[in-house]
1. Scanning the stretch 334-351 for residues that are modelled with pLDDT of 90 or more and in contact with a helix residue (DSSP H, G or I) (Cβ under 6 Å, 6 or more places away or on another chain), which turns out least open to solvent (accessible area, probe 1.4 Å)?
2. Please verify whether Asn65 is over 25 Å from Phe193 (Cβ atoms) and modelled with pLDDT under 90, treating the condition exactly as stated.
3. Filter the stretch 43-92 down to the residues that are of a type in the set (Asp, Glu) and free of Cβ contacts under 8 Å to residues at least 40 places away in the same chain and list them by number.
4. Take the residues in the stretch 13-70 that are hydroxyl-bearing (Ser, Thr, Tyr) and assigned to a loop (DSSP other than H, G, I, E, B); name whichever of them is nearest to Leu328 (Cα to Cα).
5. Taking into account only those residues within the stretch 271-312 that are hydroxyl-bearing (Ser, Thr, Tyr) and at pLDDT below 90, which is farthest from Glu218 (Cα to Cα)?
6. Looking at Leu90, Leu82, Leu97, which is the one that is outside any loop (DSSP other than H, G, I, E, B) and within 26 Å of Ile7 (Cβ to Cβ)?
7. Considering the stretch 285-341 alone, what residues qualify as being hydroxyl-bearing (Ser, Thr, Tyr) and in a helix (DSSP H, G or I)?
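The values are calculated or read from the model by the stated rules, or taken from the named source; none is laboratory data. Predicted model, so just to flag it, every value in this text is computed and none were measured. No Cβ is skipped: glycine too gets one built from the backbone with ideal geometry, and neighbour counts run over all protein chains shown. Calculation scope for accessible area: heavy atoms of the full protein, side chains included, ligands and nucleic acids excluded. Shrake-Rupley method; radii C 1.70, N 1.55, O 1.52, S 1.80 Å.
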Amino acid sequence: MNILKSILKTTCAKASSMLAKEIIKKYHPMVVMVTGSVGKTSTKDATAAALSEKFYLRKSEKSFNSEFGVPLTIIGVPNPWLNPLAWLKLFSKAYSLLFFTREYPKVLVLEVGADSPGDIEHILKIVKPNAVIVTLLPSVPVHVEAYKNPEAVRDEEFLPALALAPNAPLVVCADDEHALEQAKKIEKKVYTFGTSEGADVRIEDIEIWTELQEGQEESIAGMKAVLVIKGEKYPLKVRGAIGRSQLYAPAAAVAAAETLGMTPAEALEGLSAYVPPPGRGRIFKGKKDTLIIDDTYNSSPAAVEEILRSFALLPSNRRKVIVLGDMLELGRYSLAEHVHVGHLVRNVADV
């Protein structure tokens, strides 16, 4: 019975991919594709928020970034999983879009990811990007155990950029040597974001953002910084999460918005509604005047390093307790990376 369900699900998934491909051909939406090993979902959400000021758009829900998840976004339906009625609704909506002229988003913000070799190549057979944002391509990327080496992971995650038309915009992180090296493979204007000197959207003056609460007590609200764009300075605040990495997603979003004809002020207006997704450095007030930082989503070495680095921003008089789980899918790099994180934790944690 389970084998039959699996076969039916695979068959339905392939059918939805074919329908999604035809929908793209019919409606020709502008496709902004977000790829990379770290920060894809945050960047996708921030980009959608920034672009929402100007465009009628749809974004990938949650982390639906696979060959199965991307068609769901294109068709505009939730995950049907093993629900036959939901699959019927999916096909009904897809055929309705194809056989009738319906209102359809002008922009799709799609997150794409690779769990194993060939995943992104399959997605690019369904839909090609009109603009690409590359988040981070770290030295030891997540899912590396499924690949020959880290370079193979980075090569696949950079594939959307290679699929761009000659004059289409590519946005990469100026702080990531691997992303910049990959960008040299293609002859086009590359827009950059990050803390590095020369970034098109440069992040400066990074601080913890605090607010006065009832009773005039000051509490941590999130992160704040200044974006420097063409010599002009723009204040940026990200509510509800902590860490320098929280500022990369909105900076990438502003860079992408600029390449699509928006002003930084317009993009930042849209970003005022942006909240980082669950499990990515989100902060909560705990019992007995504690601050809980939830960074539990699918951790990787780069993500752990970044959240540990954020502890240096916290008040030095507070005791720091860190609870860590395993970093999965690292293959032969697993032992060395866990030892490395152990050394980092020793330097920032009290417990």
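1. Val341
2. The answer is no for Asn65.
3. Matches in the stretch 43-92: Glu61 only.
4. Only one residue fits best here, namely Ser37.
5. For the stretch 271-312, the residue satisfying everything is Ser300.
6. Of Leu90, Leu82, Leu97, the one residue that is outside any loop (DSSP other than H, G, I, E, B) and within 26 Å of Ile7 (Cβ to Cβ) is Leu90.
7. Matches in the stretch 285-341: Ser310, Tyr333, Ser334.
Conditions tested, residue by residue: (1) in a strand (DSSP E or B); (2) in contact with a Gly (Cβ under 8 Å, 6 or more places away or on another chain).
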residue	(1), (2)
Glu204	yes, no
Trp209	yes, yes
Val228	yes, no
Ala249	no, yes
Val254	no, no
